[in-house]
Structures are given as structure tokens and as C-alpha cells.
Amino acid sequence: MKASARWLRELVPGLNASAEEIADRLALRGAPVESIVALAEGLEHVVVAKVITAERHPNADRLSLCTVDGGQGVVSVVCGAPNVKSGGWYPFAPVGAVLPGGLEIKKAKIRGETSNGMLCSAKELGLSSDHAGILELSGQFTPGEPFVAAMGLDDATLDVEISVNRGDLLSHVGLARELATDAAGDVARREIPGAPAVAFRYEPGTPEVRVGGVSVRIDDPDLCPRYLGAVIRGIRVGPSPAWLQERLRGAGARPINNVVDATNYVMLELGHPLHAFDLGRMAGSAVVVRRARTGESKFTTLDGVERALTSDMLMICDAEKPVGVAGVMGGLHSEVEPDTTDVLLECALFSPKSIRATRKALGMSTDASYRFERGVDPEGMRHATERCVTLILATAGGTLDGPVLDCSPSVFEPQVIELRLARIERLLGIPFTADAVRGLLSPLGFQVLGAASGGAAATLRVRVPGFRSWDVKREVDLIEEIARTHGFDKFPSQLGPYRAGTVPDHPLFQLEDSLRAALVGRGLFEAHTPAFAPEDEGDVEVSYPLSATERFLRRSLVPGLLRRVEHNFAHLNRDVRLFEIGTSFRRAGKGEPPREATCLAAVLTGLRTPSHWSAEDEPFSVWDLKGLLEDVAGRVYGADAAVTPGCSDARFDGAASFKVSSSGGAEVGRGGRAAKGAVDAPVWAGDVWALELELPAVPAASAPVSHRPLPTLPPIDRDLALIVPASLSAGALETAIVAGGGRLLESVTLFDVYAGPGIPAGTRSLAFRLRFRASERTLKDAEVDKAVTSLLATLEDLGVGPRG
């Protein structure tokens, strides 16, 4: 939200702070300021000037030759705007001035006449997009007076970041309420200049209210619990007074006309969007709040765009047709025009879910929808209406016709929460008295009613104001408000006494922590990628997606990691090692929720180790991937997990891929070289290796840690070079050696692979080192020879024999 620093200082009289200091204070209250923009930036050299004469240029029909008093003497200026007149006051940029955007004003000769400066439009000054004519100034000025001071532009616009649950901060009063507790002041609203005395009356009713030929009816109270309509007749639409335009510009808004500016002013001040309809264009002088009907499939909004409607969208209609999209934007054919004389002012309460769904379906966001979908104050509707009506009467004239129509099928009931002082101390670590709690909550609008009925004095009853009814629901929410108002920086930094928990983490969390430690130890970095994916990467469609191109939930983590690899390639980083532990989603049966599974995925590309002059650079290979896959599969599924060549996943190159099977034979993972086209890689990039493993919902309990003393007796090693059929994998052969090596066999290590001359066709040579050892005595060669002979006999059944 964009806020005016001057406006905030006016609302909090005790707040004597610069824009930067205000930003710091808001940040401490949970509303950081992203940027501060000074409105006077680039306008330092612009002054207020009086046009002495304005005559037609002697050599051009569409130009004027003016004599201008800019405080430094009278000079001649050539101007192309038709609205310049003698005796008027205008912003003037003398020769040498630099305007926003870098335009430097120079002395120039235009159609034979010398121009010594420029009379400026609002667009040229960066104040609005209006370039129709020179900006006319109303009031009394002194020639040469700084334009910034004369127009009250010595203000700064703060771009405040508001969290989604704090809709109450989308107003200057909401922000001032936070600052008032810091400045020990109160929120004081500005008196409206020229405001007439108005006696407001209300005509309540449900589901329809009718007064003086104007009616309001709510057909869908679940989407619109309340609607207020005020009829103002005899207005004169025109420019807003200078103070109102100045206030809107300070808040980053563009002045339009006195009626629209009044609604925008109240929205920025109180946070409640309002809308003014041209009553003369509303059929039957009626307002009907209902969903779009069959046949009402198209609607043109204020911005001139024709939008497609659906039957679940809430519309504001007259007696015949829709005139506005409820809570989002009004219609083109009911807006206030220069000839408008009668208006109906709308102040409504809409369902945030409905507004959010409509706004997303229409692909648009407005200041009104931004506030409605976060929740507006249900108790402040009459105050907002009265404030806006008074402002319209003060700036556009007219009279309030009859009572305000108040159609309210659903009455708001404020919530009262019981707050225990003991609970506050337990959560925050320090005690608070009842008076201290009242002093912290009352400035925020909460009403401390006293001790709970029938309860101890240490339990308070707190009434939640309407503007906080959307986010303060529980006792802990009130405690958070106490902590914020007290100041997080004021809590003691020392750690108080506590009792450590004895409940162990869930086995899945323990497994995830173990995998993270193992992968980080291998040099991989953990990544977190979004769960949203395009249609070809997901099965489960999201009802209200954040992006039209990513409307599905991912079925796999690998594509997201591959996109991070592409990102690194784009930044000339060829060595990438990433892993992610996240959730994948797959469609389940009809009417069932999607199936969610926790998965581990990893990607590798580039060099195995950092480049160094002492060794040759070695890229990651298929054996690095297989080793990593065996490691994580063993940690997840134990020693019975099998990693075998080949998988059917099209994302991997079949010739360099593996699948992982659990002890029951089910495929639980896969990995390999990314298939051609799976990664948008530059020519200098190496192979990209990826793996993915599904983690069990409840991992098996880890085997108890056992202790085995270090061996004290020497081993005996035997090297066996074996001729092995090409169809028999080294892993299968190693398993057979372990099974047939006897109880004295301690370890088996493959140390050489050879295929070529001297080896029969269809075979290869695999050399293993076998280590034998007995824990209680020294082995003899004869015992080892006997074990080796027996092993070779066993291997003959597999077609394996000794080489040479």
C-alpha cells in the first residue's frame, strides 16, 4: 500500500518523525516499507508564475505567445496548450530547469519567436497522466514562489508491504493506529473544509429497502451480508480542491474528479472501498445485488475492457442489467460523467472468498478488490458512508436525499475472547498485569471489558473490533498483538529456564534430516522449488492458480530442479549439485483427495571435484549417479533395496538409467542421465544426471547401533580375475561371491574391469580382491585356499571361471 507521510503525521499529532523514521517504526510493527519516494523529486526548479498576457502566435494558429512573470522578471514563452489565459497561475520551468524524466529546459526560437522557459502540464511534472492542457493553479500566489511549497508537495510516498491477514492496515487510519501507540498519541481525523452540517438518518431492512423511489435488494446474502446506499442529488462534477488533490497525490493516487476523488479519499483514509453510480443511468433507480444470470456472459468495466462473466460471480445490477462487478470494478455505462447530477453512493460488505475468486477469474486486480478480499471493517460502514457523503457535499455540492438505505440480511456480531494473564506469561516469557494489557490493546481498537464472568481476575474479556475480526480469532492472536505493541526488541535476550521435550520427531522427519546430512556431506546444496507446474508436469489442477501457465501441482520434483540447472547454465555456472525433499501430487479416485508423497530428488552436472592443476578434470559419470542412488536407497529402504540398470521413465536416457526396488519388488525410485531435450543446455555443458526416490510415509525403525571391536589379527587377501558373461552384472556376481565365500570372507572389492583382446567374445574380465579373517585366531593359507576353491566351484554354475 502507498501511504502519505504527511497524512500519517496529521493523523497522529504526537508523531514528529521523518518519512524514514516512520518507515523504521512500521517495520518494527510488522509492516516493512519497501521504498520511499519524495513527491518533490525533480521539481526543485519549478516555480509558480503568472501569465500577464496570452495572445495568438503571429506565425502559428495553434500556438500562444505569452508574457510570464516567474519572479525573475517578465519573459516571453511560446505555449501550445489552448487553456492558457491572461491572469492565470501556472507551474513554470525557467531556462536551465530539469523536469522529471531528464528534460532540460533551454532557450529556443519557435516559429520565429523566442521562448524563455515552459509552462508545464501535470504529466510533464510527473503528477498525473493528464496532458490535455497546462496545469491551472487555483488560489493566490507570489510570482516565483516554489511550486513544491505552493502545492504542498513536500511529502513522501511510502510503499508499505502489508501481509495478507492485515487488511486493516490498508488505510492511513490503520497505519496511524499502529504509529499512535508508538508516539503515545491518538488518531485524529482531519476536518473537511467547507463541510456542511448533515443529519444522517438510516432506513434499515431486509432483504429489500425502498425509500423515495430508490430501492436496494440483496438476493445473495451469503456473498453480500450488508449494503448501504446514499442518494445525493444536485451535484456538480468538476475538479477537486487543491487540498484533496494534494492528499491523493501524496498517497500515490491520481485525482480524477470531485466525486471519484471523494470515494478514493475515504478508501485511502479508512480502508473501505466505495463506489458512486450515476443514478440517472440506473434503470428503475434500483440496486440489486445478485449473481450473474444466464445470458449475462459479457460485461464492460470502467477500463473499457469487455469481460466474460460466469454464474458464480456477484454483480451489482439495476432493475434490468448488471452495472458493476461487486467489489472489483464498476461498469462503463454507469460511471460518473461531467454531466452527472444525481449519484447513488455504495458502501457494501462482500465475502472475501467471492471477491478473490471473481478477481482471479477475470484476471484483474483493483484497489477495491485488494481490500475486499482481505476483509473490510463491518462495523465502520456507516462512518465511511457519512465521511464520503460529507466530502462530496463539500466539494461537489448537492443535498442528501432522504435516509441512507441500509439493507442488512446478516447482522455482524463482534467476538469476545477470554485472555488469561498466565497464558501470556507462558508464551512470552514475562508477566503482564491487567492494566498493562489494557494499555497495549486499547490503542489498537480492542476493548478490555474486565474479568471473565465466573472466572478469576487473571482472565480478561476482550472485545475484538470489526476491522480486526478477520485475523484475530483466538487467545493466541491477542497475545501476538501484545507482543507486537510491547515491542519484540524489548523482550529480555537471556534464555529463561525451560524443560526440554522428550517426544521424538516423527520417523519420516528423522529420515529427512539424515538424508540432508548425507547429501550435504557429499557436496550437494538443498533447493526449494515451487509445487506449481505446467499441465504436462502435473495431474492435479489447482482451483485458483497463482499463474495461468502453472495451473497444476507437480507429480515429480525433477523438472523443477532441472529448471534450476538451466538457470545456473544461463549464469555460466556449469558445476551444479542440488537436491530437494518435497511433496509430489498424483490424481486419486473420483471424489478423493490427491495422493501426496514425500520424495527426494537430486541433480548433478559438471566436474566431480573443483578444477586444480594437480589433477585431471573429471566430470560426473554414470557411476557417480549409481553410487549416490545406492547410498540414498540403502538409507531409506535398507540393505534389501536393489538398484538395477534400466528404467522406463522417458525423462532418462535408457542406456544410462537405473531403477530402485524395495524389498517387496515395488519400484520406488529411478535415476539416470537426463534425456536429450529435457534440459536447455549450452554446448559447453556436460551431461546432467538426476534421480528421484519416493520416501515411505512411515519409515522402518532403524536397526539398533551395534559395536564390534577392531580386528587385532592379520587378514589374508586373495585377488581373483574372473571371466564373466556379459549378461551377468558385477553386482549380481559380487552378491554370489559373498554368499559362497564362507564365514571367513570379510569383504569383497572390485578393482579392475577389462574387455578386449585375450578375452572370449561375449565376456569380460572382472578382478575382485577378497579379504579373509578370523576374529579369534590367525588364518592359514590352506584354509583360505580351500575357501577360494569352493567358491570357484560355486561360481561355475553361473558360467564364471578363473582367467588365465
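The values are calculated or read from the model by the stated rules, or taken from the named source; none is laboratory data. Bear in mind the structure is a predicted one, so any value in this text is a computation, not a measurement. Cβ coordinates were reconstructed from backbone atoms using ideal geometry, including for glycine residues, and neighbour counts include every protein chain displayed. Please note that ligands, DNA and RNA were not included when accessible areas were found on the heavy atoms of the full protein model with its side chains. Shrake-Rupley method; radii C 1.70, N 1.55, O 1.52, S 1.80 Å.
The table for this structure:
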{"item": "Criterion violated by residue 303 - all others in (1) surrounded by 12 or more Cβ atoms within 10 Å (Cβ to Cβ); (2) over 16 Å from residue 223 (Cα atoms); (3) acidic (Asp, Glu) satisfied", "result": "(1)"}
{"item": "Positions within region 88-104 being out of contact with any Cys (no Cβ under 8 Å at 6 or more places or on another chain), surrounded by 19 or more Cβ atoms within 10 Å (Cβ to Cβ) and within 23 Å of residue 56 (Cβ to Cβ), in sequence order", "result": "89"}
{"item": "Unique match (being in contact with a helix residue (DSSP H, G or I) (Cβ under 7 Å, 6 or more places away or on another chain) and under 16 Å from residue 324 (Cα atoms)) among 367, 377", "result": "367"}
{"item": "When residues of region 612-627 are limited to those that are closer than 11 Å to residue 672 by Cα and of a type in the set (A, V, I, L, M), the one surrounded by the most Cβ atoms within 10 Å (Cβ to Cβ)", "result": "625"}
{"item": "Residues located in region 133-161, provided they are open to solvent by 20 Å² or more (accessible area, probe 1.4 Å) and more than 30 Å from residue 119 (Cβ to Cβ)", "result": "159, 161"}
{"item": "Residue selected from region 752-773 under the condition hydrophobic (A, V, I, L, M, F, W, C) and out of contact with any Asp or Glu (no Cβ under 8 Å at 6 or more places or on another chain), by the criterion modelled with the highest pLDDT", "result": "753"}
{"item": "Residue match in region 628-645 (condition: assigned to a helix (DSSP H, G or I) and open to solvent by 70 Å² or more (accessible area, probe 1.4 Å))", "result": "yes"}
{"item": "Among the residues listed as 571, 612, the single one being under 38 Å from the mean Cα position of the chain (by Cα) and of a type outside the set (Phe, Trp, Tyr)", "result": "571"}
{"item": "Matching residues, region 308-323, being surrounded by fewer than 24 Cβ atoms within 10 Å (Cβ to Cβ), out of contact with any Lys or Arg (no Cβ under 7 Å at 6 or more places or on another chain) and touching a residue at least 40 places away in the same chain (Cβ under 8 Å)", "result": "310"}
{"item": "Among the residues listed as 564, 608, 595, 574, the single one being open to solvent by 60 Å² or more (accessible area, probe 1.4 Å) and touching a residue at least 40 places away in the same chain (Cβ under 8 Å)", "result": "574"}
{"item": "Residue match in region 242-249 (condition: polar (S, T, N, Q) and under 35 Å from the mean Cα position of the chain (by Cα))", "result": "yes"}
{"item": "Members of region 162-172 found to be part of a helix (DSSP H, G or I) and open to solvent by 10 Å² or more (accessible area, probe 1.4 Å), listed by number", "result": "167, 168"}
{"item": "3 or more residues within 30 Å of residue 248 (Cα to Cα): qualifying strands (runs of 3 or more DSSP E) within region 266-360", "result": "275-278, 314-317, 322-325, 342-349"}
{"item": "Any pair with Cβ under 8 angstrom, 6 or more apart, that starts in region 540-557 at a residue that is touching a residue at least 60 places away in the same chain (Cβ under 8 Å) and ends at one that is open to solvent by less than 30 Å² (accessible area, probe 1.4 Å) and in a loop (DSSP other than H, G, I, E, B)", "result": "557/529"}
{"item": "Residue, nearest to residue 77 (Cα to Cα), within region 97-126, restricted to residues that are out of contact with any Pro (no Cβ under 9 Å at 6 or more places or on another chain) and assigned to a loop (DSSP other than H, G, I, E, B)", "result": "107"}
{"item": "Region 239-256, subset in a loop (DSSP other than H, G, I, E, B) and open to solvent by less than 20 Å² (accessible area, probe 1.4 Å), residue farthest from residue 337 (Cα to Cα)", "result": "251"}
{"item": "Selected residue (criterion: nearest to the chain's Cα centre (by Cα)) from residues of region 325-343 that are aliphatic (A, V, I, L, M) and more than 15 Å from residue 218 (Cβ to Cβ)", "result": "328"}
{"item": "Residues of region 361-373 satisfying the condition of being open to solvent by less than 40 Å² (accessible area, probe 1.4 Å) and outside any helix (DSSP H, G or I)", "result": "364, 366, 373"}
{"item": "Subset tally (residues that are aromatic (Phe, Trp, Tyr) and modelled with pLDDT of 95 or more) for region 211-261", "result": "1"}
{"item": "Pairs where the first residue, in region 638-649, is of a type in the set (S, T, N, Q) and the second is open to solvent by 40 Å² or more (accessible area, probe 1.4 Å) and modelled with pLDDT under 90, C-beta under 9 Å, 6+ apart", "result": "644/729; 644/731; 648/654"}
{"item": "Count of region 1-50 residues which are touching a Ser or Thr at 6+ places or on another chain (Cβ under 6 Å) and modelled with pLDDT of 90 or more", "result": "1"}
{"item": "Flag for residue 261 being buried (at least 23 other Cβ atoms within 10 Å of the Cβ) and touching a residue at least 60 places away in the same chain (Cβ under 8 Å)", "result": "yes"}
{"item": "Residues of region 549-584 classified as under 30 Å from residue 619 (Cα atoms) and not in a strand (DSSP E or B), total", "result": "21"}
{"item": "Residue in region 210-227 that is without any contact (Cβ under 8 Å) to a residue 60 or more places away in the chain and open to solvent by less than 20 Å² (accessible area, probe 1.4 Å) present", "result": "no"}
{"item": "Region 384-411, residues that are in a helix (DSSP H, G or I), out of contact with any helix residue (DSSP H, G or I) (no Cβ under 7 Å at 6 or more places or on another chain) and open to solvent by 10 Å² or more (accessible area, probe 1.4 Å)", "result": "386, 390, 393, 394"}
{"item": "Evaluation of residue 517 against (1) out of contact with any helix residue (DSSP H, G or I) (no Cβ under 7 Å at 6 or more places or on another chain); (2) in contact (Cβ under 8 Å) with a residue 12 or more places away in the chain (one fails), failing number", "result": "(2)"}
